Amino acid sequence: MIRFPDSFLWGAATASYQIEGSPTADGAGASVWHRFAHTPGTIQRAETGDTACDHYRRWRDDVAMMKSLGFNAYRFSTAWGRVLPEGTGTINEKGVDFYRQLVDALLENGIEPMITLFHWDLPAALQDRGGWANRESADWFTEYAEVMFRALGDRVKWWVTHNEPWVVMMLGHITGEHAPGIRDIGAASRAGHHLLLGHAQAVQAFRAHQPAHAQIGLVTNLGPQQPASDNPMDQMAAELWHNFINRLFLDPVFKGSYPQIMLDFLGEFAPPVQAGDLERIQQPIDFLGVNYYTRNVVAYDPDSSLNSRSVLQEAQHTEMGWEVYPEGLYQILKWVQATYGDIPLYITENGAAFADQVNEQGEIEDRDRLEYLKSHFSVAYRAMQEGVPLKGYFAWSLMDNFEWAFGYSKRFGMVHVDFATLKRTVKASGHWYSQVIQNHGF
Ligand code: FCB
């Protein structure tokens, strides 16, 4: 029997561009994702977030659905360009109102909102001014954060600055698979640093404005990076990946320094640190959000980027090709605590894509996802028993949605979405999750 504390937050996570649709409605400014998705050759089957789950119009039904599932929390992101169409300057009240109404509806239904300010949909107007590679982006982000704190700070207790800065850096600015589609290590490194600076400045602004009960944190994607063998070359390759994924953003935040191995590796492309930056970035935060999906087993390979390649394991893999490895969640939670201390933790994303199908009875028997969730809850619980301060869990995702460069081909939802009719159907995993919440365990 596994029993989580009564105070545990249970919910799911989503992101604005992935679910909302109507990306330029009511005066919203287009985002880099809107622009990117409308660029030929970027997204599978040339899909876009133009309609997505139509949450922008169906949000009342979606809140009711979360209520019926028994959620006591919900993590979502606000679209910067709905609020500030040009990214800075004029506020679009209709955009602010959308989130105000959503927050009020959640609270009326006993669901605590956790707002992520930046889940990748930078206003396109700001990309035209250099985007995150421009140091001014830290100020732009702070201005936007302050608008949101003023609008919703009286009622939202949990705030997240950025979602997964590593992915913005890597997929957005190195491989170019994500918006803004840049392939430039120098720009990537600058973007990474400015994301951290923006995070820190927003935290400072938060401390100045916020009621004491509210909390702010950062969300990072973490996962064990393990060597494929005892060979020192494999070990070195894994160590580099570990520093790149797990430490590059967390060391500055918790220790006030970049990992030396990354500075050596980046050489002339090292982050453009100015006097005072690292002290500022080391601002205390109230919690850390951990997004966990899989591990990476790494072998040295001089012919590949970062001199290494991933080694496929004999194990179950999701539709993303990601190994199902629950033990990695336990390992990473323990590692965070051992490395950065007793910072309160939330699992802000965790889940699996499978090719779910509606059966003749109109049900979705997503046994694989249910087992995925169950195995991850079990190890999270074990970590808690051993003293890891884990306070909540948000499944990725509430419903099937626009999975970035994969379009609608990857289904992560606990709720199925028929993208032709936009009909929502709770999957077996969603029904089971609801029971877990009700029983505080299983
Ligand atoms: C994470 C993202 C989230 C979703 C999942 C599958 O990296 O934060 O938006 O795409 O992966």
| query | For Lys255 and Gln235, FRET efficiency with R0 = 22 Å and r from the beta-carbon atoms, rounded to 0.05? | reply | 0.45
| said: Can you compute the charge dipole magnitude of the chain about its Cα centre, using +1 on each Lys and Arg Cβ and -1 on each Asp and Glu Cβ, nothing else charged? Give it in debye, rounded to the nearest 20. | reply: 740
| message | Can you tell me the length gained on complete extension of the stretch Asp154 to Gln385, counting 0.36 nm per residue apart and subtracting the Cα distance? | response | 79.8 nm
| note | Any lysines whose Cα falls less than 24 Å from that of Lys255, other than same-chain ones fewer than 8 residues away, would be Lys334, Lys391
| field | Local electrostatic count, Asn401, Cβ distance below 12 Å [Lys/Arg +1, Asp/Glu -1] | value | -3
| Residues of the stretch 9-439: accessible area per residue at 1.4 Å, in Å²? | 37
| message | I'd like the Karplus ³J(HN,Hα) series for the stretch 3-20: coefficients 6.51, -1.76, 1.60, θ = phi - 60°, whole numbers in Hz, and an x wherever there's a Gly or Pro. | response | 10, 7, x, 4, 7, 4, 7, 10, x, 9, 10, 9, 9, 3, 5, 6, 10, 5
| field | Gained length - Glu360 relative to Tyr340, 0.36 nm times residue gap less alpha-carbon distance | value | 2.2 nm
| When the chain is fully extended, how far beyond the present Cα-Cα distance does Ala64 get from Glu86, taking 0.36 nm per residue of separation? | 4.7 nm
| Residues with amide H under 5 Å of Leu390's amide H, sequence separation 5 or more or different chain, H placed in the peptide plane at 1.01 Å from N; which? | Leu345
| note | For the stretch 1-99 the mean separation of alpha carbon contacts under 8 Å (6+ apart) over residue count, i.e. relative contact order in percent, is 38
| query | Tell me, what ³J(HN,Hα) does each residue in the stretch 316-329 have, in order and in whole Hz, if you take phi through Karplus 6.51 cos²θ - 1.76 cosθ + 1.60 with θ = phi - 60° and put x for Gly and Pro? | reply | 6, 10, 7, 4, 7, x, 8, 4, 7, 9, x, 4, x, 5
| query | Say the dipole of the stretch 197-303 comes from +1 at the beta carbon of Lys and Arg and -1 at that of Asp and Glu; which of His213, Ser229, Leu248 then lies farthest toward its positive end? | reply | His213
| Restricting the stretch 287-329 to GluC sites (Glu not before Pro) in coil, as DSSP defines it, with at most 16 other Cβ within 10 Å | Glu314
| task | Quickly work out the Leu107-to-Ser304 label distance, labels modelled 7 Å from Cα along the C-beta direction, and quote it in nm with one decimal. | result | 4.9
| request: First select every other residue whose beta carbon is under 15 angstrom from the beta carbon of Lys67; then total the charges, Lys and Arg +1, Asp and Glu -1. | output: -2
| With all protein chains present, how much of the accessible area of the chain (probe radius 1.4 Å) comes from carbon and sulfur, to the nearest whole percent? | 48
| Dipole of the stretch 112-192, Cα-centred, from +1 at each Lys and Arg C-beta and -1 at each Asp and Glu C-beta, to the nearest 20 debye? | 80
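The values are calculated or read from the model by the stated rules, or taken from the named source; none is laboratory data. This is a predicted model, so every value here is computed, not measured. Note that each Cβ is placed from the backbone with ideal geometry, even for glycine, and that neighbours are counted across all protein chains shown. For the accessible areas, the whole protein counts, side chains as well, though only heavy atoms, and no ligand, DNA or RNA atoms are used. Shrake-Rupley method; radii C 1.70, N 1.55, O 1.52, S 1.80 Å.
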